[in-house]
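Engineer: First, the structure itself, so that you have it in front of you.
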Amino acid sequence: MNVAVQHSSSSRLPPVLAVGGRFGKYYPEPERDIRKPDVVADQTLAALLKALRTFLHEEGSPYAAPTYKRAVSLAKKLRYSSTDVEKLSLAMAELQDEKGFEVMAGFFLSALINKGPDGCYVLHVNHLKVPLGNLCVNNVKDVTIEGDVGFGLGCEMKKGVIRVEGNADSLTGDGMRGGEIHVDGTVRNLGQDLRGGKIYQAGVLIYG
């Protein structure tokens, strides 16, 4: 997917997916009609960024289960596709200096994926300063993650497949019940109370 994310001093929302010219090769409609999908996509991204910012700023429980539940409540109010979530993973770099970002953003992305309408998702995290923790919590989908991930990958995972094109930190698969985790690089260590599923490190089965 061709995604261009640029930061501007005049706007906190980066422009993404300039697809009008590409569509213009196939659709003879006037230019104003061709640009309509871009406007809708930008509005969706803006809504996702706003929800993530709200999630980061809200006071909540320090425990994982209620924090994830709060993220799910926000996700249920939003309308988005897997493409929008992928775009968010790129654009959310503008929020990475917010307090708790590397811990909380993972819960929010997990909720969006699990409650989203599609079966497959892609996340780009290799541009972030610090690897995100708590990615793919309670996972039930197929997710590809480009970049290293922090602690708690696939916590309480139920089904689906997580593919990490990078390394995974501690507590990988903590409380895992099903599905598969594939880490191309190294896994620092596994979580506790694993009761199902499989975990692979560089193609080698290390659990399951």
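Taken together, the values in this text are just the output of simple stated rules run on the coordinates, not laboratory data. As the structure is a computational prediction, the values presented were derived from the model and not from experiment. Note that each Cβ is placed from the backbone with ideal geometry, even for glycine, and that neighbours are counted across all protein chains shown.
Engineer: Tell me, what ³J(HN,Hα) does each residue in segment 70-76 have, in order and in whole Hz, if you take phi through Karplus 6.51 cos²θ - 1.76 cosθ + 1.60 with θ = phi - 60° and put x for Gly and Pro?
Structural biologist: 5, 5, 5, 4, 5, 4, 5
Engineer: Moving to a separate point now. Bin by bin, in steps of 5 Å, what percent of the Cα pairs in segment 75-119 do you find, going until the bin that has the longest distance?
Structural biologist: Taking all Cα pairs of segment 75-119, the binned fractions are 5, 21, 32, 24, 14, 4, 0 percent.
Engineer: Just flag the trypsin sites (Lys or Arg not before Pro) in segment 159-204 sitting in loop per DSSP whose Cβ has no more than 11 other Cβ atoms within 10 Å.
Structural biologist: Arg195
Engineer: Something else: Could you give me the ³J(HN,Hα) list for segment 143-152, computed from phi with Karplus coefficients 6.51, -1.76, 1.60 and θ = phi - 60°, whole Hz, x at Gly and Pro?
Structural biologist: Per residue, the Karplus-derived 3J(HN,Hα) values read 10, 10, 10, 9, x, 6, 10, x, 6, x Hz.
Engineer: Please turn the phi angles of segment 180-196 into ³J(HN,Hα) values with the Karplus equation 6.51 cos²θ - 1.76 cosθ + 1.60 (θ = phi - 60°), one per residue in order, whole Hz, x for glycine and proline.
Structural biologist: Once θ is set to phi - 60°, the couplings for segment 180-196 become 9, 10, 10, 10, 5, x, 10, 10, 4, 6, 8, x, 10, 6, 6, 10, x Hz.
Engineer: Still on this structure, please answer the following. Pairs Lys99/Lys141; Lys129/Lys198; Lys87/Lys159; Lys76/Lys198; Lys50/Lys87; Lys129/Lys158: which exceed 19 Å Cα-Cα?
Structural biologist: Flagged as over cut-off: Lys99/Lys141; Lys129/Lys198; Lys87/Lys159; Lys76/Lys198; Lys129/Lys158.
Engineer: So, one more: Name the residues whose placed amide hydrogens come within less than 5 Å of the amide hydrogen of Val122, ignoring near sequence neighbours (fewer than 5 apart) on the same chain.
Structural biologist: Glu86, Thr144
Engineer: Scan around His182 for amide H atoms under 5 Å from its own, H built in the peptide plane at 1.01 Å from N, and keep only partners 5 or more places away or cross-chain.
Structural biologist: Residues meeting the criterion, in which the H sits 1.01 Å from N, are Ile162, Arg163, Val164, Tyr200.
Engineer: Pull up the DSSP beta bridges for segment 44-207 and report the antiparallel fraction as a percent, rounded to 5.
Structural biologist: Just about 10 percent of them are antiparallel.
Engineer: Given the convex hull of the Cα atoms of segment 106-208, what is a quarter of its surface area in nm²?
Structural biologist: 5.2
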